[in-house]
Amino acid sequence: MDILATLNPAQREAVEAIEGPVLILAGPGSGKTRVITHRVAYLVKLCGVSPHNIMAVTFTNKAAREMRQRLEQLLGQAAEALTLGTFHAICARVLRREGEAIGLGSSFAIYDEDDQSSLIKQALEELNLDPKQYAPRALRSAIGAAKSRLISPGDYAQRVSSYFEEIVHRVYQLYQQLLSQSRAVDFDDLLMKTVQLFQDHPQILKRYQSKYVHILVDEFQDTNIVQYMLMK
């Protein structure tokens, strides 16, 4: 099968440009995901790159499943060796393997939004704060926004400029302590702690940098600070 035969000239140019970074700017339905999957197949089949050295990142589980299916059609069994998934799924796998280095055991639980809300309510109760006055959903959103900008509870304390932010800081600090006591992380922690792992342990970072020679990100324009830092 000729991997390039079904591509238009612009798509083919993007697939074949494998030296250095490539950014694809195109509208909906123009075949950006098609380019990514064919680029992976091109790297493996025509350039001799091992699928073990390729990472492809998406934003949703649905997109990851669709990409996996397309790559199985293009590569067959070799597709199984690719690292392919959402930011959160890939980071969870890294932390299961390497988390001991930052005090996170491999058997940690991952809390969903309901678990997070329950823990925030517990934090409010322990701080003698009224959940009717300080909505857990708003606090969860503020904490998530801080984590997406790589702001720890300690860093947040330096940025407080309103009474609500003071409340967020107090809840954020206790919330993280309660997560740790439960041997759990939330979805935002998966990314933030992976960045922390790589920053604090250059030897681990170097191992992953050596492993992933090619990293492909679908919908790159949607990356936030923590996701951008991970890819960088």
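In region 187-223, of all residues being charged (D, E, K, R) and either more than 13 Å from Val94 (Cα to Cα) or within 16 Å of the chain's Cα centre (by Cα) (or both), the one that is surrounded by the fewest Cβ atoms within 10 Å (Cβ to Cβ) corresponds to Asp222.
For region 5-55, how many residues meet the condition of being among the β-branched types (Val, Ile, Thr), outside any loop (DSSP other than H, G, I, E, B) and touching a residue at least 60 places away in the same chain (Cβ under 8 Å)? Before the answer, list the steps.
First, the residues of region 5-55 that are among the β-branched types (Val, Ile, Thr): 6, 15, 18, 22, 24, 33, 35-37, 40, 44, 49, 54.
Add one more test, that the residue is outside any loop (DSSP other than H, G, I, E, B), and what stays is 15, 33, 35-37, 40, 44, 54.
Imposing the further condition that a residue be touching a residue at least 60 places away in the same chain (Cβ under 8 Å) reduces the set to 33, 36, 40, 54.
Result for region 5-55: 4.
For Tyr156, all conditions in the list (1) in a helix (DSSP H, G or I); (2) out of contact with any His (no Cβ under 6 Å at 6 or more places or on another chain); (3) open to solvent by less than 30 Å² (accessible area, probe 1.4 Å) hold save one; what is the number of the exception? All conditions are met except number (2). Residues that are more than 23 Å from Arg159 (Cβ to Cβ) and not in a strand (DSSP E or B): does region 133-143 have at least one? Among the residues of region 133-143, not one is more than 23 Å from Arg159 (Cβ to Cβ) and not in a strand (DSSP E or B), which makes the answer no. Summed over region 79-103, the residues that are of a type in the set (Gly, Ala, Ser) and either open to solvent by 40 Å² or more (accessible area, probe 1.4 Å) or over 22 Å from Arg183 (Cβ atoms) (or both) give a count of 5.
Would you check if Arg137 is open to solvent by 80 Å² or more (accessible area, probe 1.4 Å), in contact (Cβ under 8 Å) with a residue 12 or more places away in the chain and either touching a helix residue (DSSP H, G or I) at 6+ places or on another chain (Cβ under 6 Å) or of a type in the set (Gly, Ala, Ser) (or both)? Before the answer, list the steps.
Numbers: open to solvent by 80 Å² or more (accessible area, probe 1.4 Å): yes; in contact (Cβ under 8 Å) with a residue 12 or more places away in the chain: yes; either touching a helix residue (DSSP H, G or I) at 6+ places or on another chain (Cβ under 6 Å) or of a type in the set (Gly, Ala, Ser) (or both): no.
The answer is no for Arg137.
The values are calculated or read from the model by the stated rules, or taken from the named source; none is laboratory data. Because the structure is predicted, anything quoted here is derived from the model rather than measured. In this analysis, Cβ positions are derived from the backbone assuming ideal geometry, glycine residues included, and neighbour counts consider all displayed protein chains. Side chains are part of the model used for accessible areas, which takes the heavy atoms of the whole protein and leaves out ligands, DNA and RNA. Shrake-Rupley method; radii C 1.70, N 1.55, O 1.52, S 1.80 Å.
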